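Undergrad: Take a look at this one; I'll ask things after.
The values are calculated or read from the model by the stated rules, or taken from the named source; none is laboratory data. These numbers were taken from a predicted model, which means no experiment stands behind them. Quick reminder, even Gly has a Cβ in these numbers, built from the backbone with ideal geometry, and neighbours come from all protein chains shown.
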Amino acid sequence: MAAGPVGSRQLPFPFAKRHGVLVLGTEDGHARLLVRSGARPQAIAEARRFLGLPLLLYSAAAEEFDARLQETYERESNSTMQMVEGLRDDTDLLQVAQQLPEPSDLMESDDDAPIIRLINAVLTAAVKENASDIHIEPYENRLVIRFRVDGVLREVLQSRRAVAPLVVSRIKVMSKLDIAEKRLPQDGRISLRVAGRAVDVRVSTMPSGHGERVVLRLLDKHAGRIDLNNLGMEPATQTGMDELIHKPHGIILVTGPTGSGKTTTLYAALERINDNTRNIMTVEDPIEYYIDGIGQSQVNTKVEMTFA
């Protein structure tokens, strides 16, 4: 890490998380440093050198420290999202991955910029290819990243296994998930702009034998929706569908695997009957696209707002 006065500087996330030291701010020419119980003196000395100021030390138990760490770097992650917006459309995903340091260097590195660049490049490439999902999958000896395009998963990148926990930790920070919880599945979201387009990213993590897997679902709020006439249905099927959605009551089940067009079909049906003569309400999880003139409600299990 390069040394210098703290100002508004924060310690790089990998260093702070691994060594248990967190900058709280400055006071009377001193840097206020929160230290996790059991932190090594060498880490405190390195933080002192990096910040370029004498230290005021504050101790915290591991649970309290992790909570403060997550809160602090959630705010810091806003700059990461701004970096995504600034990426060019011709960002080369493979080139970014090849620029990552070697495994030993990466795990010891206290600069998370290479990981940020990799995540940004992955997001940009996914949006450019109109991918609906990004799968981040750690295996015994490698990290695999796959895109789901038109319902089919396709591998776009393999990298070293050592990269996986750093990528997952950064994504969890961006989506405001608990970075210390690795035993249970978690769900979160990221709102950002990629190449000038507003994109809502739904994040799901799942523990596995080789580390946490992550699925990112990309929801382009302003993507062009398809009219019911252009879904590719057989004429008889489309006629039947049109008749069903105009009935005053009943239930329609739309089923199929991920990426098969269920959501597209339902939104096309809603658009068809949205003629300002009806009060249309939906309950969704998640709301993938907003339709003017329709009341759309988001499921929120934390307050027991469910489909029931």
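Undergrad: Of all the residues that make up region 134-171, how many are under 17 Å from Pro114 (Cβ atoms) and not aliphatic (A, V, I, L, M)?
TA: In the first step, residues of region 134-171 are kept if they are under 17 Å from Pro114 (Cβ atoms); the result is 136, 143, 145, 157-171.
Next, from what is left, pick out any that are not aliphatic (A, V, I, L, M): 158-161, 165, 169-170.
Residues that pass the stated criteria total 7.
Undergrad: Only strands (runs of 3 or more DSSP E) wholly contained in region 189-287 count here; list those with 1 or more residues that are more than 24 Å from Met174 (Cβ to Cβ).
TA: Working: elements: 197-206, 213-220, 281-284.
Answer list for region 189-287: 281-284.
Undergrad: Within the bounds of region 242-252, is there any residue that is in contact with a Ser or Thr (Cβ under 7 Å, 6 or more places away or on another chain), surrounded by 10 or more Cβ atoms within 10 Å (Cβ to Cβ) and either farther than 30 Å from Leu143 by Cβ or among the β-branched types (Val, Ile, Thr) (or both)? Don't jump to the end; show me each part of the working.
TA: First, the residues of region 242-252 that are in contact with a Ser or Thr (Cβ under 7 Å, 6 or more places away or on another chain): none.
Within region 242-252, not a single residue is in contact with a Ser or Thr (Cβ under 7 Å, 6 or more places away or on another chain), surrounded by 10 or more Cβ atoms within 10 Å (Cβ to Cβ) and either farther than 30 Å from Leu143 by Cβ or among the β-branched types (Val, Ile, Thr) (or both).
Undergrad: Tell me which residues, restricted to region 219-261, are modelled with pLDDT under 90 and either under 29 Å from Leu184 (Cβ atoms) or small (Gly, Ala, Ser) (or both).
TA: Across region 219-261, the qualifying residues are Leu219, Ala223, Gly224, Gly232, Gly256, Pro257, Thr258, Gly259, Ser260, Gly261.
Undergrad: Kindly establish whether Phe65 is at pLDDT 90 or above and not in a strand (DSSP E or B).
TA: Working: at pLDDT 90 or above: yes; not in a strand (DSSP E or B): yes.
When the stated conditions are applied, Phe65 passes them.
Undergrad: Moving on to the next point. May I ask you to list the residues in region 174-191 that are under 13 Å from the mean Cα position of the chain (by Cα) and either within 24 Å of Gly259 (Cα to Cα) or buried (at least 22 other Cβ atoms within 10 Å of the Cβ) (or both)?
TA: Passing the criteria: Met174, Ser175, Leu177, Gln186, Asp187, Gly188, Arg189, Ile190, Ser191.
Undergrad: Next question. Inspect all residues belonging to region 208-217 and state whether any of them is over 23 Å from the mean Cα position of the chain (by Cα) and polar (S, T, N, Q). Reasoning before the result, please.
TA: Applying the first criterion (over 23 Å from the mean Cα position of the chain (by Cα)) to region 208-217 yields none.
No, that holds for no residue.
Undergrad: Follow-up question, since we're still on this one. For residues that are closer than 19 Å to Lys247 by Cβ and buried (at least 16 other Cβ atoms within 10 Å of the Cβ), tally how many sit in region 262-292.
TA: 7
Undergrad: May I pose another question? Please state which one of Ala121, Ala97, Ala162 is assigned to a helix (DSSP H, G or I), at pLDDT below 80 and surrounded by 15 or more Cβ atoms within 10 Å (Cβ to Cβ). Break it down into steps so the answer makes sense when it comes.
TA: Values: Ala121 fails: at pLDDT below 80; Ala162 fails: at pLDDT below 80.
Answer to the check: Ala97.
Undergrad: In addition: Can you list residue pairs whose Cβ atoms sit under 8 Å apart, with the first residue in region 198-217 being within 13 Å of Leu123 (Cβ to Cβ) and modelled with pLDDT of 90 or more and the second being surrounded by fewer than 18 Cβ atoms within 10 Å (Cβ to Cβ) and acidic (Asp, Glu)? Count only pairs 6 or more apart in sequence or on different chains.
TA: Correct list of pairs: Val203/Asp187.
Undergrad: State which residue is surrounded by the fewest Cβ atoms within 10 Å (Cβ to Cβ) when the search covers only region 124-159 and only residues that are touching a Ser or Thr at 6+ places or on another chain (Cβ under 6 Å) and modelled with pLDDT of 90 or more.
TA: From region 124-159, those touching a Ser or Thr at 6+ places or on another chain (Cβ under 6 Å) are 124, 143, 148, 151; that's our starting set.
Okay, now just the ones that are also modelled with pLDDT of 90 or more, so 143, 148.
Values: Leu143: 23, Arg148: 19.
Top of the filtered list is Arg148.
Undergrad: Pairs only if they're at least six apart or on different chains, beta carbon under 7 angstrom, first in region 134-152 and free of Cβ contacts under 8 Å to residues at least 60 places away in the same chain and among the hydroxyl-bearing types (Ser, Thr, Tyr), second in a strand (DSSP E or B) and crowded, with 18+ Cβ neighbours inside 10 Å; list them, first residue then second.
TA: none
Undergrad: What about Lys182, is it outside the structural domain of Ile134 (by TED's automatic domain parsing) and out of contact with any Lys or Arg (no Cβ under 7 Å at 6 or more places or on another chain)? I'd like the intermediate steps shown before the answer.
TA: Numbers: outside the structural domain of Ile134 (by TED's automatic domain parsing): no; out of contact with any Lys or Arg (no Cβ under 7 Å at 6 or more places or on another chain): yes.
No; evaluated as a whole, the condition is false for this residue.
Undergrad: Let me confirm something: among Arg40, Arg32, Arg49, which residue is of a type in the set (Lys, Arg) and modelled with pLDDT under 85?
TA: Values: Arg40 fails: modelled with pLDDT under 85; Arg32 fails: modelled with pLDDT under 85.
Unique residue meeting the criteria: Arg49.
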